[in-house]
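Worksheet for the structure shown next.
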Amino acid sequence: MERIISRIKARQIFDSRGVPTIETEVLLTNGIKACAAVPSGASTGKFEAYELRDGDDNNYFGKGVLQAVRNVNDIISHELSGKDVTKQLKIDDLMIALDGSENKSNLGANAILSVSLACARAAANSFNIPLYKYLGGINATYLPCPMMNILNGGAHADNKLTFQEFMIVPLGAKTFFEAMKFGVEIFHSLKLLLKSKGLNTSVGDEGGFAPDLASDVQAIELLMKAIEDTSLTTDKVSIAIDAAASEFYSDGQYFFEYENKALDTRQMVSHWENIVNNYPVVSIEDALDEEDYSGWKTLTEVLGDKCQLVGDDLFTTNPQRLKKGIEEGWANSILIKPNQIGTLSETIDTVNIAQDAGYTTVMSHRSGETEDTFIADLAVALNCGQIKTGSLSRSERMCKYNRLLKIEEELCTEAEYKNPFSL
Ligand code: PGA
Ligand code: ZN
């Protein structure tokens, strides 16, 4: 059967923060079609591919994506019509060439990614197989261990917590189904715990609670208590942090607002050592600024054999930055956000480079999300082993978890779930 692109149509939709984003539909000549929507970050890394926004202050506060939509409908569509939708690499390369810039700033990484993902989904639909199987084949059997972001700070909340995400990690669950049970029970326990302390239980951008707390360590202790209240132990459910450190770094200093205190890199590394030695923290993401390269090297030497050190803003899913980091000894793990690089093929490249170098891989959503569940399938397809897709509330987060539950059910006895922290 021929699988030829007949038409590509983009539109402006809205993400979970009510901000415009792009969705693209790919229609094949055989009548099969598929859609994909692109998310958007708030604590965006300096080295991410370019997210094209209209910048017209009179419309959507400058955040419209109508130019990106036109770029798909008038330029990309024309170029890709008549092409075989299963040739993902060719499709992505054509769009990269058509854009012609270093960081996809002409057509917009959001425009390009929406087409790239929609093509993959249309191809999967045309074979009538699930997306994870189309992308991962017979190796796609491994369900990712989730890092569930149930307490929010930093740029994602209106409290004074320095670190952005305080996550629970059900690494001792036997199945993804059980991981979800642990996660939701702890989420509800945490709500009761916060209420009992007279703390706010409204939620931040990724659906986690965002109470006013005295310190980041207090947030970790609350998670530990919520785990205990659920009759679980921290061997079964550990803790992970995304500091998003570039957000509180300037002029060589890491600033802690709640203490009105700044730490230099050396002190910051000691701070992390204390946290890892005293709390069940198995993973720290963006522990240091995205350009504090010598700091990353030291941190990895000091903590790399005890703790997963994830580079998000540090690597921005960019194969070149990752290669450099592997050479230089920065981190031992990478966060994978397709919209940081802008095509599916480059995302897959980055995952392969990381896995070949023995770096762990964590598939990830963005803080501004949509109902699209692509990353759930992609995490299984690429054997990522871990996924970050927010808290245990709000449908733009839950839809990814729910999709993984269905994949596990569909894989049945073939499905695997294991502890990714063999450190
Ligand atoms: P962002 O945050 O989507 O707002 O960039 C997510 C993260 O830092 O992991
Ligand atoms: Zn991050």
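Taken together, the values in this text are just the output of simple stated rules run on the coordinates, not laboratory data. Note that the structure is predicted; figures quoted are calculated from it, not measured. Don't worry about glycine lacking a Cβ; one is built from the backbone with ideal geometry, like all the others, and counts go over all protein chains shown.
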### Descending principal axes extents, region 1-151, alpha-carbon based, whole Å
48, 42, 27
### Message
For a distance above 18 Å, tell me the whole-number percent of Cα pairs in region 65-199 that qualify.
### Response
70
### Message
As an exercise, use a Förster radius of 35 Å and the Cβ-Cβ distance of N352 and S196 to find the FRET efficiency, rounded to the nearest 0.05.
### Response
0.15
#### Entry: For I336, distant residues with modelled amide H under 5 Å away
V362, M363, S364
### Task
Kindly flag which residue pairs out of K225/K306; K324/K400; K133/K400; K33/K87 have an alpha-carbon separation exceeding 21 Å in this structure.
K225/K306; K324/K400
### Task
Select from L392, S43, L131 the residue farthest towards the positive end of the dipole of the chain; place +1 on Cβ of Lys and Arg, -1 on Cβ of Asp and Glu, and compute about the Cα centre.
L131
### Query
Hey, fewest Cβ within 10 Å first, where do I168, I407 land in order?
I407, I168
### Query
So how compact is region 348-405: Cα radius of gyration and Dmax in angstrom?
11.8, 36
### Message
So for the chain, averaging the separation of alpha carbon pairs under 8 Å that are six or more residues apart and normalising by length, what relative contact order in percent results?
### Response
20
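Just rank R266, R403, R70, R3, fewest to most, by other beta-carbon atoms within 10 angstrom.
The order, fewest Cβ neighbours first, is R266, R70, R3, R403.
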### Summary
Expected sort for C384, C399, C119 with the fewest Cβ neighbours (10 Å cutoff) up front is C399, C384, C119
## Note on the structure
Note on region 159-221: alpha-carbon gyration tensor, axes a ≥ b ≥ c; rule is a/c under 1.5 for rounded, else prolate if a/b larger than b/c, else oblate; result prolate
### Query
How far is helix 395-411 tilted, in degrees, relative to the longest principal axis of the Cα atoms in the chain, given as a value from 0 to 90 rounded to the nearest 10?
80
### Task
Using only Cα atoms, locate the centre of region 158-230 and the centre of region 245-278, then give the distance between them in Å, rounded to an integer.
22
### Query
Quick one: Cα centre-to-centre distance for region 54-111 and region 1-48, in angstrom?
10
### Message
For region 5-71, I need the span (max minus min coordinate) of the C-alpha atoms along each principal axis, in Å, sorted largest to smallest.
### Response
40, 27, 21
### Query
Amide H to amide H, which residues 5 or more places from A49 or on other chains are under 5 Å from it, using H placed in the peptide plane?
I341
### Task
Give the range of the longest stretch in the chain that excludes all GluC sites (Glu not before Pro) found in loop regions by DSSP and having at most 14 other beta-carbon atoms within 10 Å.
103-256
### Query
For region 67-202, what is the charge dipole size about the Cα centre, in debye to the nearest 20, if Lys and Arg each add +1 at the Cβ and Asp and Glu each add -1 at the Cβ?
540
### Message
Quick check: pseudo-label points 7 Å beyond the Cα along Cα→Cβ at R394 and N106, how many nm apart are they?
### Response
3.6
### Message
Need one number: convex hull volume per residue for region 153-265, Cα atoms only, in Å³.
### Response
105
### Message
Nearest 500 deg cm²/dmol is fine: what mean residue ellipticity at 222 nm does the chain get from its DSSP H runs of n ≥ 4 alone, each adding -39,500 (n - 2.57), divided by its residue count?
### Response
-11500 deg cm²/dmol
### Task
Determine the dipole magnitude for region 161-283: charges of +1 sit on the beta-carbon of Lys and Arg, -1 on that of Asp and Glu, nothing else is charged, the reference point is the Cα centre, and the result goes in debye to the nearest 20.
460
### Task
May I ask you to work out the translational diffusion coefficient for region 252-317 at 25 °C, viscosity 0.890 mPa s, via Stokes-Einstein with Rh from the Kirkwood sum over Cα pairs, reported in whole µm²/s?
200
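When a/c reaches 1.5 or more, the comparison of a/b and b/c decides; with that in mind, is region 220-260 rounded, prolate or oblate per its Cα gyration tensor?
prolate
Using only the alpha carbon atoms of region 306-354, find the Kirkwood hydrodynamic radius as the inverse mean reciprocal pair distance, in angstroms to one decimal.
Working: mean 1/r = 0.0946 Å⁻¹.
Answer for region 306-354: a Kirkwood hydrodynamic radius of 10.6 Å.
Using a ≥ b ≥ c from the Cα gyration tensor of region 301-423 (square roots of the eigenvalues), is it rounded, prolate or oblate, where a/c under 1.5 gives rounded and otherwise the larger of a/b and b/c decides, a/b for prolate?
prolate
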#### Entry: More than 29 angstrom apart: percent of Cα pairs within the chain
43
